[in-house]
Amino acid sequence: MIKSMTGYGIASFDSGNTKYTVEVKSLNSKFLELSLRLPKIFAEKEFQLRNDCSKLIERGKVNLSINTEQVSQSVKAAGIDKDLLKHYYNQLKTVSEELGEPTGNLLQLALGLPEVVKYEEDTISEDEWKAVEKTFQQAMAAFQEFRAQEGNVIEQEIKGRINTILKNLELVELEDPKRVPLIRERLNTFLAEATSREAIDQNRFEQELIYYIDKLDITEEKVRLKAHCEYFNETLKNADANGKKLGFISQEIGREINTLGSKANDANIQKLVVGMKEELEKIKEQLLNVL
């Protein structure tokens, strides 16, 4: 079973004071491109989240966001370091008096100096983090389910296209035996028109005909193409991520189809080969989005 690299999952948790929402989105990519958008209180958890995503997601251009929404409307007040404020104020007052400058706005200036006004930093308790972590796992489970469903749709489509290639190959099998009599007839007609029939050495003609037909033989290509298609279908059933492997197999399928077309020297077979190439191109497009 294959998975799509396109995925989406979301889950929420309400702690009473704060609502946390975890959202995961991904598109196709050759490697894992992970972008995290986290509140400041989760900064120390970023490394852990990156490791978890690397293990669970494997590949794709991924955006992970954790949003916080304050349920309680209470505002935390800022604190003032009184001793430091007095120290700054007295220094500013002394300098102002020495310079003869007005002292009316010294308190406002002192309040703006470093470390005078302190804001209480938001923190998250270990119990809340465990709940957020559980929410992350829920979002990731929904994300993986989305990938599996998308992968199932892709699997059914490319399996149908591989089977179409195999059906075309069966039609090639029916057309192949007709080629030798036609080749023999064309060569006989050409020689009869080019020279008298009595001047033709039949033994030499048969030898050359066998050599020519051997060059056009497509038996090996048919056998290998069928084997590659069957291997492709087997690989689709594996539980592991198979996007890259399926891509390699599709390349081998393409080589056999191209060789089949170049050696066939038959209009009917060429039409079937064109149909195979069309199906294979559509398979390759879908494989770009397979994990």
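Quick rundown of the values:
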read-out: Any hit, segment 24-31, residues being more than 21 Å from the chain's Cα centre (by Cα) and open to solvent by 40 Å² or more (accessible area, probe 1.4 Å); value: no
read-out: Filter result (surrounded by fewer than 20 Cβ atoms within 10 Å (Cβ to Cβ), among the hydrophobic types (A, V, I, L, M, F, W, C) and at pLDDT 90 or above) within segment 250-279; value: Val274
read-out: Flag if Glu128 is open to solvent by 90 Å² or more (accessible area, probe 1.4 Å) and within 29 Å of Glu44 (Cα to Cα); value: no
read-out: Boolean, Lys159 is within 30 Å of Ile269 (Cβ to Cβ) and among the basic types (Lys, Arg); value: yes
read-out: Residues of segment 46-61 that turn out to be under 11 Å from Leu34 (Cα atoms) and open to solvent by 80 Å² or more (accessible area, probe 1.4 Å), as a count; value: 3
read-out: Residue under evaluation Leu225, criteria (1) within 28 Å of the chain's Cα centre (by Cα); (2) of a type in the set (A, V, I, L, M); (3) open to solvent by 20 Å² or more (accessible area, probe 1.4 Å), criterion not met; value: (3)
read-out: One residue from Glu157, Glu150, Glu115 being loosely packed, with under 14 Cβ neighbours inside 10 Å, in contact (Cβ under 8 Å) with a residue 24 or more places away in the chain and within 24 Å of Ile283 (Cβ to Cβ); value: Glu157
read-out: Hits in segment 66-90 (condition: open to solvent by 100 Å² or more (accessible area, probe 1.4 Å) and at pLDDT 80 or above); value: Glu69, Lys82, Asp83, Lys86
read-out: Some residue of segment 1-14 being within 19 Å of Glu69 (Cβ to Cβ), among the small types (Gly, Ala, Ser) and modelled with pLDDT under 90; value: no
read-out: Of all residues in segment 135-188 being among the β-branched types (Val, Ile, Thr) and farther than 19 Å from Lys277 by Cα, the one that is nearest to the chain's Cα centre (by Cα); value: Val153
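The values are calculated or read from the model by the stated rules, or taken from the named source; none is laboratory data. Quick caveat: nothing in here was measured; it's all calculated off a predicted structure. All Cβ positions, even for glycine, are placed from backbone atoms using ideal geometry, and neighbour counts span all protein chains on display. Please note that ligands, DNA and RNA were not included when accessible areas were found on the heavy atoms of the full protein model with its side chains. Shrake-Rupley method; radii C 1.70, N 1.55, O 1.52, S 1.80 Å.
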